[in-house]
Amino acid sequence: MAESMIRVRKLTKRYQRGGETLTVLDKLDLEMEEGRFYALMGPSGSGKTTLLNLVGGLDTADDGELIVAGENIAELSADELAHWRAANVGFVFQGFNLIGVLTARENVELPLKLTPLSSSQRRQQAETALKLVGLGDRMDHRPRQLSGGQEQRVAIARAIATDPKVILADEPTGDLDRKSAEQVLDLLVRLNREFKKTILMVTHDPAAAERAQSIVHLDKGQLGRIEHNQPVGAAR
Amino acid sequence: MFKLVVQNLLSHPIRSLITAVSVAVALFLICLLTSIVTTLQSGLAAASATRLVVMSSISLFVDIPLSYQERIAKVDGIENIVKWQWFGGYYKDQKNFFAQFAVDPERMWAVYPEVKVDEATKQKFLTQRNACIVGWQLAAEFPEWLETGKVPITGALFPHPSGEAWQFDLAGVYRSEAANFDNRTMFFRWDLFEETLKSTGDAPGVGVYVMSVEPGADIERMKAEIEGMFENGPATVRCDTESEFTRQFISMLGDIPMFLGWIGAGVLVAILLGAINAMLMAGREQTHDVGILKALGFTNSAAFGLLIAQSLVLCLFGGALGIGLAAALEAPIALAIGSAFPGFFIADSTYIQAALVSLGVGLAAGAVPAWNALRVNCVEALRAKGA
C-alpha cells in the first residue's frame, strides 16, 4: 500500500446563499494515494470543485481534517497556505487561467519567481516545461496567439514548472475539442506515469475519467463509489 | 513582478498615457503655482529689515518732494539715501513692458551692495549722463541693446520734450544676488531725468527714498522721527523697513498665495480623482489575474503590491514628466512672466514637494484597488471576468 497523499476526515464546507446555509461537503472521508491519477466525478453541485479547491488550499473548510502532502492545511494561515501552494500544488483550470499580458514562457516562469532560482535558472526550467508539453516553438507567444489546446498545455507546463507533488485539474478538457482534449489527457497520464505526480482531476466526461486509474464519485457532498480502472499500485 | 506591472499598464496604453499625462500636467501646474508663491516669498524673505523705505502716506503712486532727501539724510542713524522714481516707459512697443527707474547713481551701490556690476560699467554709469544699466534677464530678452549699445525708451508718464523716445547708452549689465532685487529692471541717472523735465518747466517728484542704516541703529525711533518730520509738510510720508514695504507691495496684488493655493489644491483633487478612477478600472479588470497569482502561491501582500506598484509607476512617471517639463521650461517661463513676477525661479524644494505629491497621488490612487486585491478570496477572484 502506497503512502497517502491526500487524507480527508469529516470534511465539511458550507456556503451562505440567500440567507440559507448550503452544505456542499458533508463530513466527507476520503484517502488518495501518492503517485496515483484520480478522476472526481459527480453531478453538478455534488461538491467536486469545492473539494478540489479545499485540497489545493484555495478555500478553507468549515470543519474536519485535511492533510495534503503531509501538511494539515486546515491549520495554516493565509500566507502559510500561499507558500504551501507554491511548493506543493500545481493547478490546471478549465478556462486555462493564463495571464494575458505575459508570454507563454513568462506565464510558466511566474510560479518559479517564488523559488530561490536565479533568473537564468527560471528561464531554463520554464523552457524545459514548455518543451515537455510540446510547445518549445511557442514560448514567446501570448495566450491569445495560441489555440485552446495550446493554452491548456501552457497551463500544464506552469503547473509542473515547480515540480509539485500534486496536480489538481478542474475540467481541464471542458473547453477543448476532442483532439486537444486527448493531447491534454495524454500529458496528464504521462505526468502521472513518468513523473509519479499525484493527480486529482474533476471531470464530467466519462471518457476523460477512463484515463484515470481511479474514479471517485461524489453525490450531494458525500462519497459515492470508487472505481479502479487499474489495480491500486499498478501504475507504480 | 515588475514586468507584470509594466505589462499591465501597457495593456491599456491609451488609458495609461492619458492618466500619466494628466498627472504630468497637474504636477507642472503645481510646480508653476508653487514657484510663483515661492518667488514672491523669497523676495519678502530677502528684503532687508535694516533698510528703510520712505513713501507718500497716501499711496505709492503719489510723489514726495525732492527737498525731503536732504532732511531725511540728516536723521541720526542714516548711512546712505537713494531716491527712486518710476519712469513707466516701454521699449518700441507697449507690450515690451518692464520696470525703469531714475536713481542716484553714486549712492546706488552704497545702499544696494548685492547689485553687482563690473568696474567699467560702474564708471560709465557714474560719469556718463545718459548711461543706463539693465538686469541680465532683460539684456537676454533684448540682445540688440548689447549689440548697438543703445536703449531707446518711450516715456509714457514722462514723454521726452523732443516727442521722440528717450535715448540711453547702455553702460552694462547688472546681476543681483538677492531675491528681493530682480534682474529685469533698467536704471538710469536721476540728473538726466530731472534736467530733461526741468527744461519743459516740470519739477519731478520722488517715488520713494531708500536708506541704508548704520549698524545698531534704532529703527523704530528713526521711522517715527522721519514720519513726524513731515507731519505738517506738503506731503505726509510713511516710513517702513524694506521687508514691510515689500510685504505691503505684495498685498496690493491681493492674497495671491492663497488664491494660487486654492487653484493648486483644485488641480490636485482633480488629478487624484482621475488617477483613482483609472486605478479602480485597472483593479477591477485584474481581479481574475489576482486570483491566478494567489492560486500559484503569491501572497495577499504580493497582490496588494502588484496594484499599488502599478499606481506608483504610473503617477511617478507622470510626475517625472511634469517636473521635467517644469525644469526645462523654467527659463522661458521666467522670461514670459518676468514683468509680473520678477526673479521667478523653481526652488529645489518645489521639485521635492512635487515628487512627494506624485508619490502621494500614486499611493492614494492605488490604495483601494490594492486593498481589494489583498482581501479578495482566491476562488471568487478566479470566477471574476478577466480584462
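For the reader, a short list of remarks on this structure follows.
- Residue match in region B:77-93 (condition: without any contact (Cβ under 8 Å) to a residue 60 or more places away in the chain and either assigned to a loop (DSSP other than H, G, I, E, B) or among the charged types (D, E, K, R) (or both)): yes
- Residue in region B:151-172 that is touching a Leu at 6+ places or on another chain (Cβ under 8 Å), surrounded by 14 or more Cβ atoms within 10 Å (Cβ to Cβ), among the aliphatic types (A, V, I, L, M) and more than 17 Å from B:LYS83 (Cα to Cα) present: yes
- Enumerated helices (runs of 4 or more DSSP H) restricted to region B:119-225, each holding at least 2 residues that are touching a residue at least 12 places away in the same chain (Cβ under 8 Å), within 29 Å of B:THR50 (Cα to Cα) and out of contact with any Cys (no Cβ under 6 Å at 6 or more places or on another chain): B:119-127, B:136-141, B:190-198
- The combined condition, being touching a Gly at 6+ places or on another chain (Cβ under 8 Å), within 25 Å of B:ASN180 (Cα to Cα), among the aromatic types (Phe, Trp, Tyr) and more than 14 Å from chain A (Cβ to nearest Cβ), is fulfilled by B:PHE344.
- Filtered by the rule that a residue be surrounded by 14 or more Cβ atoms within 10 Å (Cβ to Cβ), among the hydrophobic types (A, V, I, L, M, F, W, C) and within 14 Å of the chain's Cα centre (by Cα), region B:332-372 gives B:ILE333, B:ALA334, B:LEU335, B:ILE337, B:PHE341, B:PHE344, B:PHE345, B:ILE346, B:ALA347.
- Residue that is within 28 Å of A:THR115 (Cα to Cα), more than 14 Å from every other protein chain (Cβ to nearest Cβ) and small (Gly, Ala, Ser), where the choices are B:GLY305, B:GLY366: B:GLY366
- Whichever residue in region B:220-243 is crowded, with 17+ Cβ neighbours inside 10 Å and among the acidic types (Asp, Glu) and, among such residues, is farthest from B:ASN180 (Cα to Cα): B:ASP240
- Restricted to region A:98-108, and to residues there that are surrounded by fewer than 23 Cβ atoms within 10 Å (Cβ to Cβ) and more than 9 Å from chain B (Cβ to nearest Cβ), the residue that is nearest to A:LYS197 (Cα to Cα) is A:ARG105.
- Note on region A:118-147: residues that are of a type outside the set (Lys, Arg), within 14 Å of another protein chain (Cβ to nearest Cβ) and outside any helix (DSSP H, G or I) amount to 1.
- Qualifying positions in region A:80-92 - surrounded by fewer than 23 Cβ atoms within 10 Å (Cβ to Cβ) and either among the basic types (Lys, Arg) or at the interface with another protein chain (Cβ under 7 Å from one of its Cβ atoms) (or both): A:HIS83, A:ALA86
- The single condition from (1) surrounded by fewer than 23 Cβ atoms within 10 Å (Cβ to Cβ); (2) closer than 26 Å to B:LEU10 by Cβ that A:THR128 fails is (2).
- Taking the listed residues B:ALA131, B:ALA140, B:ALA120, the one that is loosely packed, with under 15 Cβ neighbours inside 10 Å and of a type in the set (A, V, I, L, M, F, W, C) is B:ALA120, with no other qualifying.
- Among (1) modelled with pLDDT under 95; (2) under 30 Å from A:ASP177 (Cα atoms), the one test that A:SER77 misses: (2)
- Look at region A:18-29: where a residue is touching a residue at least 12 places away in the same chain (Cβ under 8 Å) and on the phi > 0 side of the Ramachandran plot and a partner is surrounded by 15 or more Cβ atoms within 10 Å (Cβ to Cβ) and among the hydroxyl-bearing types (Ser, Thr, Tyr), sitting 6+ places away or on another chain with Cβ atoms under 7 Å, you get A:LYS27/A:THR12.
- Qualifying residue in region B:94-114 (condition: over 30 Å from B:ILE226 (Cβ atoms), within 14 Å of chain A (Cβ to nearest Cβ), assigned to a loop (DSSP other than H, G, I, E, B) and not basic (Lys, Arg)): no
Let's see how each residue does on (1) under 23 Å from B:GLY343 (Cβ atoms); (2) surrounded by 15 or more Cβ atoms within 10 Å (Cβ to Cβ); (3) touching a strand residue (DSSP E or B) at 6+ places or on another chain (Cβ under 7 Å):
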residue: B:ASN183; (1), (2), (3): yes, yes, yes
residue: B:TRP190; (1), (2), (3): no, yes, yes
residue: B:THR200; (1), (2), (3): no, no, no
residue: B:SER212; (1), (2), (3): yes, yes, yes
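- Qualifying residue in region A:55-73 (condition: more than 10 Å from every other protein chain (Cβ to nearest Cβ), free of Cβ contacts under 8 Å to residues at least 12 places away in the same chain and within 27 Å of A:LYS220 (Cα to Cα)): yes
- Criterion violated by A:GLY95 - all others in (1) more than 20 Å from A:ILE199 (Cβ to Cβ); (2) within 14 Å of chain B (Cβ to nearest Cβ) satisfied: (1)
The values are calculated or read from the model by the stated rules, or taken from the named source; none is laboratory data. Keep in mind that this is a model prediction, so the values were computed, not measured. Please note: Cβ atoms are built from the backbone with ideal geometry, for glycine as well, and neighbour counts cover all protein chains shown.
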